[in-house]
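> Structure incoming, see below.
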Amino acid sequence: MPLDPRQRVRNVIRQAVATGLLGEEQPVAGFLDTDGIRASVRSLDAAFAHAPDVLHTFAVKAASLVPVLRLLAGLGMGCEVASPGELRLALDAGVPPARIVLDSPAKTPREISEALALGVAVNADNLDELRRIDALRPADSGSVIGLRVNPQVGGGSIGAMSTATATSKFGVALRDPGAREQVVRAFAERPWLTRLHAHVGSQGCPLELIAEGVARTYELAEEINRTLGTRRVTSLDIGGGLPVNFEDEETRPAFADHTRALASAVPGLFDGRYALVTEFGRSLLAKNGFIGARVEYAKEAGGRRIAVTHAGAQIATRTVLMPEAWPLRIGAFDSHGDPRTGVPVRQDVAGPCCFAGDVVAHGRELPALEEGDLVVLYDTGAYYFSTHWAYNSLPRPAVHGFTTDASGGVRLATVRTAQTLDEIAAESGLAHADALAGLGGPEGS
């Protein structure tokens, strides 16, 4: 019988403490559940099993770690990339170029040329980018080329995460005057333009809104093909993004909920007329990772208890800056990795950054945390490990993968080592330390 998720976390924390991966010398680290990742991919595959032709790509920005990308590639996934760095990581992970999709609203001519030379699929963000591709595309290019459109179906509860508002920076805004006709004309003029792409958003976006965006894109594909009298659009990149439940351990919505909503809004989506591409990220990994951090001090201020830990805005940036939109569940453990017991006390869990708002949890009811205890930030498997903020030159923490067996045994493997002070210094221009002094000052100064 599988272990309870909280028991698995406890066993991993205890093993990390026992092996020195978490403690006084390593006060913060990330942990990824490889069994959970595999199960999430199986759920995704099962939800789309009735789609005759679908490529699932992983949004690299959600976990830009080569071992993670290689694991996912071995499970049959491709990659969605949005920069030269992400493309490099996908290639280094062994992902075939034909299973990589390049999305970005600001691709340079060089980035476009390199992607086309490799055979990477490219989704142009706008009509001007299509004109660049006109000049740069080799006649024998094997790249699938698409155009991103903004169906302008509205936003969810988090404006910054909604990409289909009236003024979103992404894609061709379909409801703007003349835009729809321009898109049809672009396809008429380019026989190699065969894909439409749309992405409504993820966190804060209800399934019905996401499905509506896909429906508007499907309708446009049908209009293009009907107007041109041929199947010019042969595939739809329906984006990724599902909201993640951060309130408890349950995974909701499920991928099957998503496909049911899609089938309801777009009855013909899964009939094989169009090949499909997806770009899920957070919904695959969030529940499959957590952060462990040491409590360095516990103090009182204004009648409020504060546990000062090593997990703050440098790794939980969104949670610190937008706590209502990105709340996290917090677990309390003692220095050995056992759950902390005692009467719950209302307390803040703060981070190490030197600004007052660096608090990952406000007023939580937890057993009183003490120096040397450990806190766990749950549901942080996506973004929290790969979007480090170098505030105060705090180092990027190590990340470890784990698996557990039915008896509670734990195996750990390093995914990324902790950043060293030498690496921080090198990134901060150490090799050019005298560059500014060498420029000299104004004559006579």
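The values are calculated or read from the model by the stated rules, or taken from the named source; none is laboratory data. Keep in mind that what you see is a predicted model, and the values were worked out from it rather than measured. Positions of Cβ are backbone-derived with ideal geometry, glycine not excepted, and every protein chain shown enters the neighbour counts.
> Going by the structure shown, is Thr404 exposed (fewer than 15 other Cβ atoms within 10 Å of the Cβ) and either aromatic (Phe, Trp, Tyr) or modelled with pLDDT under 95 (or both)?
No, not satisfied.
> Report, by residue number, each residue of region 410-444 that is in a loop (DSSP other than H, G, I, E, B), touching a residue at least 24 places away in the same chain (Cβ under 8 Å) and of a type outside the set (S, T, N, Q).
The answer is Ala418, and nothing else.
> Go through region 194-216 and give me each residue that's closer than 14 Å to Thr278 by Cα and either assigned to a loop (DSSP other than H, G, I, E, B) or not hydrophobic (A, V, I, L, M, F, W, C) (or both).
Here is the first cut: in region 194-216, the residues closer than 14 Å to Thr278 by Cα are 195-202, 210-211, 213-214.
Hits for region 194-216 are Arg195, His197, Ala198, His199, Val200, Gly201, Ser202, Gly213.
> Could you please let me know if Leu87 is in a helix (DSSP H, G or I), in contact (Cβ under 8 Å) with a residue 12 or more places away in the chain and within 21 Å of Val41 (Cβ to Cβ)? I'd like the intermediate steps shown before the answer.
Numbers: in a helix (DSSP H, G or I): yes; in contact (Cβ under 8 Å) with a residue 12 or more places away in the chain: yes; within 21 Å of Val41 (Cβ to Cβ): no.
So Leu87 fails the test.
> Ok, one more. Only one of these conditions is not met by Phe31: (1) assigned to a helix (DSSP H, G or I); (2) within 29 Å of Asp373 (Cα to Cα). Which number is it?
Only one criterion in (1) assigned to a helix (DSSP H, G or I); (2) within 29 Å of Asp373 (Cα to Cα) is unmet by Phe31, namely (1).
> For region 179-189, check the following and say yes or no: at least one residue is surrounded by fewer than 20 Cβ atoms within 10 Å (Cβ to Cβ), assigned by TED's automatic domain parsing to the domain that holds Asp271, modelled with pLDDT of 85 or more and not in a helix (DSSP H, G or I).
So far as region 179-189 goes, no, none of its residues is surrounded by fewer than 20 Cβ atoms within 10 Å (Cβ to Cβ), assigned by TED's automatic domain parsing to the domain that holds Asp271, modelled with pLDDT of 85 or more and not in a helix (DSSP H, G or I).
> A further question on this structure: Look through region 1-44, keep the residues that are over 19 Å from the mean Cα position of the chain (by Cα) and among the small types (Gly, Ala, Ser), and return whichever of them is surrounded by the fewest Cβ atoms within 10 Å (Cβ to Cβ).
Top of the filtered list is Gly20.
> Let me ask something else. Looking at (1) crowded, with 16+ Cβ neighbours inside 10 Å; (2) in contact with a Gly (Cβ under 8 Å, 6 or more places away or on another chain); (3) not in a loop (DSSP other than H, G, I, E, B), can you tell me which one Pro352 breaks?
It fails just one condition, (3).
To keep it simple, each residue is scored yes or no on (1) more than 20 Å from the chain's Cα centre (by Cα); (2) within 18 Å of Tyr378 (Cβ to Cβ); (3) buried (at least 23 other Cβ atoms within 10 Å of the Cβ).
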{"residue": "Glu249", "(1), (2), (3)": "no, yes, no"}
{"residue": "Arg260", "(1), (2), (3)": "yes, no, no"}
{"residue": "Gly268", "(1), (2), (3)": "yes, no, no"}
{"residue": "Asn288", "(1), (2), (3)": "no, yes, yes"}
{"residue": "Ala298", "(1), (2), (3)": "yes, no, no"}
{"residue": "Ala316", "(1), (2), (3)": "no, yes, yes"}
{"residue": "Arg340", "(1), (2), (3)": "yes, yes, no"}
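> Related question: Of the residues Ile100, Ile112, Ile145, Ile158, which single one is more than 19 Å from Val277 (Cα to Cα), buried (at least 16 other Cβ atoms within 10 Å of the Cβ) and at pLDDT 95 or above?
Every option except Ile112 fails the conditions.
> Which residue is surrounded by the most Cβ atoms within 10 Å (Cβ to Cβ), if the candidates are limited to region 190-215 and must be of a type outside the set (A, V, I, L, M, F, W, C) and more than 17 Å from Asp125 (Cα to Cα)?
Ser202
> Still on this structure, please answer the following. Pairs needed: first member in region 276-305, free of Cβ contacts under 8 Å to residues at least 60 places away in the same chain and more than 28 Å from Leu236 (Cα to Cα); second member anywhere, of a type in the set (Val, Ile, Thr) and not in a helix (DSSP H, G or I); C-beta distance under 9 Å; at least 6 residues apart or different chains.
From region 276-305, the pairs are Lys299/Ile306; Lys299/Val308; Glu300/Ile306.
> Does Gly331 meet the test of being assigned to a strand (DSSP E or B) and surrounded by fewer than 20 Cβ atoms within 10 Å (Cβ to Cβ)?
Considered against the rule, which asks whether it is assigned to a strand (DSSP E or B) and surrounded by fewer than 20 Cβ atoms within 10 Å (Cβ to Cβ), Gly331 comes out as yes.
> Checking the structure you have, find out if any residue of region 100-121 is under 27 Å from Pro253 (Cβ atoms) and hydroxyl-bearing (Ser, Thr, Tyr).
So far as region 100-121 goes, no, none of its residues is under 27 Å from Pro253 (Cβ atoms) and hydroxyl-bearing (Ser, Thr, Tyr).
> Quick one: which residue in Gly78, Gly85, Gly74, Gly94 is buried (at least 19 other Cβ atoms within 10 Å of the Cβ), in the same structural domain as Asn150 (by TED's automatic domain parsing) and farther than 20 Å from Leu193 by Cβ? Working first, answer last.
On the way: Gly85 fails: buried (at least 19 other Cβ atoms within 10 Å of the Cβ); Gly74 fails: buried (at least 19 other Cβ atoms within 10 Å of the Cβ); Gly94 fails: buried (at least 19 other Cβ atoms within 10 Å of the Cβ).
Exactly one residue qualifies, and that residue is Gly78.
> Tell me which residues, restricted to region 369-401, are of a type in the set (A, V, I, L, M, F, W, C) and farther than 13 Å from Gly312 by Cα.
Once the filter is applied, which keeps residues that are of a type in the set (A, V, I, L, M, F, W, C) and farther than 13 Å from Gly312 by Cα, region 369-401 yields Leu369, Leu374, Ala382, Ala398, Val399.
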